[in-house]
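Some notes on the structure that comes next.
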Amino acid sequence: MTITTASTVRTTASTTTPIWRPAAAAGVTAAAVTAAVAAVAHAAGVSLTLDGEPIPPSGFAVMTLVCTAIGFGIAVALRRWARRPQRTFVRTSIALTALSFLPDLLVPAASADTRVTLMATHVVAAAIVIPVIAARLGQSHR
């Protein structure tokens, strides 16, 4: 007599879907787009100078990559410890994006168009990166 049993392993997107590849792709895309936004704004006459120092478009790209790496780290931690990693990541990321406006608003002697451009690059980067990472986190971990 032979007994056959079927073993079912339940996997979820939160444990099987890699985050780093799409996060890296989204980060590179966001870096290119924010650099392009800065270059277009500069070409349109917006001063991208803060405290007498010009911000080159490559500076926007580098900071976007740094912030994407931080977001990736937050996502990895939430994937492991949060009850609802996707919801927590989206809320945390939106709050951090909103907080990122503070330095732009508080920079002395920056014109309104400079401030708007800086904040627009934050929104553009967040709009590209947050959905990509959030989609890989799934709805719940536990």
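Bear in mind these aren't lab numbers, they're just calculated from the coordinates by the rules spelled out. Since this is a predicted model, take the numbers as computed values, not measurements. Here the Cβ positions follow ideal geometry from the backbone for every residue, glycine too, while neighbour counts run over all protein chains shown.
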Which of L78, L99 has the fewest other C-beta atoms within 10 Å, and how do the rest follow up to the most? L99, L78
In what order do I130, I55 fall by count of nearby beta-carbon atoms within 10 Å, going from fewest to most? I55, I130
Once the principal axes of the Cα atoms of the range 62-142 are found, what is the range along each, listed largest first in whole angstroms? 49, 18, 16
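Give me the number: length gained by fully extending I94 to E53, i.e. 0.36 nm times residue separation minus the C-alpha to C-alpha distance, one decimal in nm.
Numbers: separation 41, 0.36 × 41 = 14.76 nm, distance 2.86 nm.
Difference between extended and current length: 11.9 nm.
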At a threshold of 8 angstrom on Cα-Cα distance, excluding pairs fewer than six apart, so keeping six or more, what relative contact order does the chain reach in percent? 40 percent
Exposure proxy check on S47, S100, S93: fewest-to-most Cβ neighbours within 10 Å is S47, S100, S93
Between T29 and R87, what length in nm is gained on full extension when 0.36 nm per residue of separation is reduced by their alpha carbon distance? 18.6 nm
Let me understand the chain better: what is its radius of gyration from the alpha carbons, and its Dmax, in angstrom? 19.8, 86
